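Trainee: Below is a structure I'd like to ask you about.
The values are calculated or read from the model by the stated rules, or taken from the named source; none is laboratory data. Just so you know, these numbers come straight off a predicted model, no measurement behind them. Positions of Cβ are backbone-derived with ideal geometry, glycine not excepted, and every protein chain shown enters the neighbour counts. Please note that ligands, DNA and RNA were not included when accessible areas were found on the heavy atoms of the full protein model with its side chains. Shrake-Rupley method; radii C 1.70, N 1.55, O 1.52, S 1.80 Å.
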Amino acid sequence: MTLYAPLALKRFYRRRYRRKPGNYLGLSSAIEGARLKMTVPELLSIALFYPLLSIIPGSLLGFLFSELIKPSGNLVVRGFAIPYWEFELALIAGFAILAFGFTRYLILSYPFYVSNMRRSKIESALPHAVNMMLGMAKGGVPLISIFKFVAENREIFGEISREFDKIVTLVDVFGYDMITAMRYVSDTTPSEKLKVFMENFINVYEGGGDIVEYLRAKSEQLLTERETYYALFFETLQVYAEIYLALFIVAPLFFLTVLVVFQMIGSGTMEIFRIVMFSFIPLGSLLLMWLIKSSMPSEPVGFAEHKKRRGSDIFFNIADRETGFKIEIWRLRLRRIIDFLKMPFIEEPYLLTLRALSFYLLVPAIFIFVYFHGKIDLDLLIFITLSVVIFPSIVFIEYKRRLLSKMERELPEFMKQLASLNEAGLNVVEALRHLSESELGILGREIRKIKREVEWGELITSALEKIESRIRSQIVAKAITLLVKAIESTPSIRDALNTASMYTELEIEVRDRIKAQMSMYTIIIYLAFAVFLYTAYILIQNMLTVFASVEVTQFTAKIDLKAVKDTFMQTSLLVAFFSGIMAGQMGEGRIEAGLKHVFILVVVVYVFFRFIIP
């Protein structure tokens with residue numbers, strides 16, 4: 001939605017733009033590269049109107065700030081007395097000018113920011129798009145249909161879908177020929193890699209060359225470039241790991257040692273230490289996690305959104321019913337509750353979510369808390385209660401992840417067998433019926449579901465799309481979408497399936513190699529945290545405990561041992577939490593994978609300070 005701007009401003013900038021369009025080439029290319037639905041005059045009018053409005057809150061902020069620092073008398077600067085109202089007026093004007101300039105800068109830089117963000121997303125999705133185009137081209141899909149397919153599946157291909165959608169729009173709506181539309185996208189895209197790809201593609205297409213061969217060569221080139229990028233990424237990750245160990249494990253140890261020394265000489269630094277540590281560790285860890293996340297090889301989202309059926313909510317369906325049917329409301333609600341409770345026992349584990357298990361996770365925890373309340377220490381009771389909820393949740397998440405990973409590994413073999421049967425003369429439906437009788441592991445369960453749905457009269461493409469919605473996996477989604485498109489386009493899908501199978505194997509291999517390379521940093525974090533706890537044990541047991549029993553002298557002070565232990569424990573919990581998250585991100589490339597590490601480290605810290613250091 002375009003922001004409002006006065007029509008007079010739009011007309012003013014439109015006249016200026018028409019007189020000297022060359023002065024706005026950079027801004028125009030940024031707007032086009034960002035694919036923003038606005039013109040240069042519209043953006044310029046917005047960049048003047050809203051900064052003018054920002055002068056009002058800027059002036060108010062300046063007035064409030066001037067009132068906060070207002071002295072009792074005149075303001076004295078280098079011996080000269082200045083009436084405070086003059087300084088206040090200058091301060092308000094300064095805040096107003098600052099608000100105007102900052103707002104205008106943000107608005108004018110927004111297209112450049114979006115364009116740069118889109119460039120990185122386009123380049124990360126380009127190898128997947130080229131692989132998909134290669135598979136579809138081998139299957140005999142027309143070129144415009146290939147562009148339409150990529151444009152319509154934005155959840156898989158990300159920003160590159162918007163670039164291809166521009167080609168489809170220019171051809172279908174504005175009547176451009178294919179070459180002109182592709183050349184327009186090549187000239188306006190923010191990605192240099194896509195620009196080179198499109199220019200070479202245009203030359204091959206215009207000269208009547210072999211598109212399939214070009215796509216194969218380009219796919220191999222992008223794969224080689226990705227290998228180089230991964231090597232650079234591992235080196236960068238090593239630097240980040242060393243920074244994290246130095247700043248967020250070694251540095252807190254140093255500050256804890258300094259705290260011990262200051263406590264011995266009676267310096268009141270406890271509160272300052274807490275403020276510094278409880279601010280530095282979270283903010284620094286979040287910043288470093290953001291840097292690692294931004295430098296990681298990004299993948300498209302990869303799965304289709306669930307298609308919600310209209311009228312699925314019974315509360316909306318029954319709103320217009322008569323009063324006499326109220327008994328059905330409670331019956332339907334009861335049925336929904338029973339279905340919810342039965343879901344974990346009838347659905348496959350890889351299709352479940354934590355929401356479906358919430359009842360069976362919360363009820364035991366609530367029972368334990370109520371039964372043991374008042375019988376054991378409150379902190380121990382809270383620890384046990386949370387463990388009863390968190391530990392099964394982590395086990396379920398990891399088990400589900402392993403099932404999905406196993407299914408992804410079975411997918412290439414399934415596609416090879418499907419391609420072989422199709423080459424032997426069987427159509428897709430007959431081939432799926434044959435494969436459903438063979439042993440395909442976890443994936444075989446889904447194949448048998450497809451077979452039943454097809455036997456009940458559902459289209460094969462609709463049955464396949466349901467797999468894409470059920471299994472939240474980018475690898476499965478890309479393979480299924482290619483299979484569906486190939487089925488809709490041509491009866492011979494052997495080449496498309498073989499291509500999809502090959503690149504699925506490559507993606508799984510790359511993912512496993514990344515995980516193997518990054519698992520070393522998980523071990524390093526665990527070892528560093530063990531050193532952290534051992535040092536804390538030495539400081540508390542061998543130094544603080546001894547000095548706490550020594551009489552107060554002129555050189556020493558009475559040590560509050562409990563306060564120091566609490567500070568050590570709170571700092572250790574912070575380090576444990578963020579070290580666990582960092583271990584998950586470095587070890588498996590996913591922040592959510594760090595939950596199990598967080599649980600392990602937090603349990604170790606609690607047991608350490610609760611039982612080992614009494």
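Trainee: Estimate the FRET efficiency between residue 16 and residue 116 by the formula 1/(1 + (r/R0)^6), using the beta-carbon distance for r and 22 Å for R0, to the nearest 0.05.
Mentor: 0.25
Trainee: What distance in nm separates the two pseudo spin-label positions at residue 612 and residue 360, each 7 Å out from Cα along the beta-carbon direction?
Mentor: Taking the two extended label points, one gets 3.5 nm.
Trainee: For the chain, what are the DSSP H helices with axial Cα length of 24 Å or more and mean Kyte-Doolittle hydropathy of at least -1.0?
Mentor: TM-like helix candidates: 40-68, 84-138, 211-245, 270-295, 326-346, 354-372, 378-423, 494-538, 561-588.
Trainee: For the chain, what class follows from the C-alpha gyration tensor (a ≥ b ≥ c being the square roots of its eigenvalues): rounded when a/c is under 1.5, otherwise prolate if a/b is larger than b/c, else oblate? Could you put the intermediate results ahead of the total?
Mentor: On the way: a/c = 1.83, a/b = 1.22, b/c = 1.50.
Cα axes put the chain in the oblate bin.
Trainee: OK, next. So if I take the centroid of the Cα atoms in the stretch 417-477 and the same for the stretch 169-236, what is the distance between those two points in Å?
Mentor: Computed from Cα coordinates, the inter-centre distance equals 32 Å.
Trainee: Label-point separation (nm) for residue 68 and residue 461, each offset 7 Å from Cα along Cα-to-Cβ?
Mentor: 6.2 nm
Trainee: If you average the sequence gap of Cα pairs under 8 Å that are 6 or more apart and divide by the length of the chain, what percent do you get for the contact order?
Mentor: For the chain, the relative contact order is 14 percent.
Trainee: Could you give the nm distance between label points at residue 448 and residue 7, where each point is 7 Å from its Cα heading toward the beta carbon?
Mentor: For the pair residue 448/residue 7, the computed spacing is 6.8 nm.
Trainee: Then there's this: Calculate, in nm to one decimal, what residue 61 and residue 343 gain on full extension: separation in residues at 0.36 nm each, minus their alpha carbon distance.
Mentor: Computed gain between residue 61 and residue 343 is 96.0 nm.
Trainee: I would also like to ask the following. Which order do 20, 466, 400 take when ranked by solvent-accessible area (1.4 Å probe, heavy atoms of all protein chains), largest first?
Mentor: From most exposed to least exposed: 20, 466, 400.
Trainee: Using a Förster distance of 45 Å, how high is the FRET efficiency between residue 519 and residue 143, based on the Cβ-Cβ distance and rounded to 0.05?
Mentor: 0.55
Trainee: Any number yet on Rg/Rh for the stretch 149-280, C-alpha, Kirkwood?
Mentor: 1.38
Trainee: Counting only C-alpha contacts under 8 Å and six or more residues apart, can you give the relative contact order of the stretch 316-467 as a whole percent?
Mentor: Relative CO of the stretch 316-467 lands at 14 percent.
Trainee: Would you compute, from DSSP H runs of 4+ residues alone, the mean residue ellipticity of the chain at 222 nm, taking -39500 (n - 2.57) per run and dividing by the full residue count, rounded to the nearest 500?
Mentor: Per the formula, -26000 deg cm²/dmol.
Trainee: If you don't mind, another one. Round to the nearest 0.05 the FRET efficiency obtained for residue 90 and residue 169 when R0 = 60 Å and r is the Cβ-Cβ distance.
Mentor: 0.70
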